[in-house]
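The numbers here are math on the coordinates, done by the rules we state, and not lab data. Because the structure is a prediction, the values reported are computed rather than measured. With ideal geometry, Cβ positions are generated from the backbone for all residues, glycine too; neighbour counts draw on all protein chains shown.
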Amino acid sequence: MRLAVNIDHFATLREARRVGEPEPVLAALLAEQAGAEGVVCHLRRDRRHIKERDLRLLRQTVRTKLNLEMAATADMLKVALEVKPDVVSLVPERPAELTTEGGLNVAAGRKALAAFIPKLRKAGIRVSIFIDADKSQILAASELDVPLVEINTGAYADLKPGRRRDKALEDVRQAAEFGLECGLEEIHAGHGLDYVNVLPILDIAEISELSIGFSIIARAAMVGVGPAVGEMVRLIRRRT
Ligand code: PXP
């Protein structure tokens, strides 16, 4: 299992003062040096953290894999086709949300997505869709000619250990298994994962990559980017 680090909140910290630091691009490079195998950023419509400038510099400097999270809009398509990240992850976006609140409703948005996704694929960009651990959504995504999906672990991560969380974990496991059965090449997962709740997720062999942001950035504020990323990388490698 690989780790991709979402660096959005280094930019959030920068925007708290609107000065030049901390530099999210430097954080991305330090994360790669500490063993991250991908860098993720979300260019939001309101540009509240990551800016186009960050995305362009990341494209020039990231040596592993750059994954751009974005809403499936015409404006974002233009940016993606110009910058050409390795992967585009399609996510729902609600202006007032603190963070992505759930997976994309693929089943409901099938027609628009079927027109949108080929434009990215034609440019050589791999397309992922962020979806809830729900078989009908996985099936709908697999019918859209995408090679991978990212399963939302938020519902699992929000729960305390116990029967309800076990059920949410089982939903993630079954969704990952079902995704491969449906012919998807890869299953990723993420949202709300930290150094403790990630452990049971590591036992799901069908998941090949985790996207983790906030918990790593919170720890990086205390111990530095390299140690915070390195610790997560070691946790993942020890178990998978
Ligand atoms: N995956 C997706 C699609 C996300 O939107 C986010 C948050 O930006 C993450 C993963 C990472 O979540 P967290 O910051 O809670 O680790």
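The orientation-averaged shadow of the Cα convex hull for the chain, equal to a quarter of the hull surface, comes to 12.1 nm².
In terms of the Cα gyration tensor, with a ≥ b ≥ c the square roots of its eigenvalues, is segment 163-204 rounded because a/c is under 1.5, prolate because a/b exceeds b/c, or oblate? Because a/c hits 1.5 or more and a/b fails to exceed b/c, segment 163-204 counts as oblate. Between Arg17 and Cys182, the contour length at 0.36 nm per residue exceeds the Cα-Cα span by 54.7 nm. Remark: Phe10, Phe130, Phe214 ranked as Phe214, Phe130, Phe10, counting other beta-carbon atoms within 10 Å and listing the fewest first.
Of the residues Val39, Val198, the one with the fewest other Cβ atoms within 10 Å heads the list, and the complete ranking is Val198, Val39. Ordering Met1, Met222 from the fewest to the most neighbouring beta carbons within 10 Å gives Met222, Met1.
Each of Leu210, Ala115, Ala228 was placed along the dipole of the chain (beta-carbon charges, centred on the mean Cα), and the one lying farthest toward the positive end is Ala228.
Mean projected area of the convex hull spanned by the Cα atoms of segment 1-108, taken over all viewing directions: 7.4 nm². Length available on full extension from Lys160 to Met222: 0.36 nm per residue minus the Cα-Cα distance, which gives 19.9 nm. Mean projected area of the Cα convex hull of segment 100-178, taken over all directions, amounts to 5.4 nm². Each residue of segment 226-240 is assigned a 3J(HN,Hα), and the resulting list reads x, x, 5, 6, x, 5, 5, 4, 5, 4, 5, 5, 5, 9, 10 Hz, derived from the Karplus form 6.51 cos²θ - 1.76 cosθ + 1.60 (θ = phi - 60°), x at Gly and Pro. Spin-label pair Arg53-Lys167: with each label point 7 Å from Cα along the Cα-Cβ axis, the two points sit 4.9 nm from one another.
Near Glu52: Cβ cut-off under 15 Å, other residues only, Lys/Arg at +1 and Asp/Glu at -1. The net charge is +4. Residues in segment 206-223 carry Karplus couplings, in order, of 6, 8, 9, 8, 10, 10, 10, x, 4, 5, 5, 5, 4, 6, 4, 5, 8, 10 Hz; the curve used is 6.51 cos²θ - 1.76 cosθ + 1.60 with θ = phi - 60°, and Gly or Pro positions show x.
Residue separation of Ser208 and Gln174 scaled by 0.36 nm, minus their Cα-Cα distance, works out to 10.8 nm of gained length.
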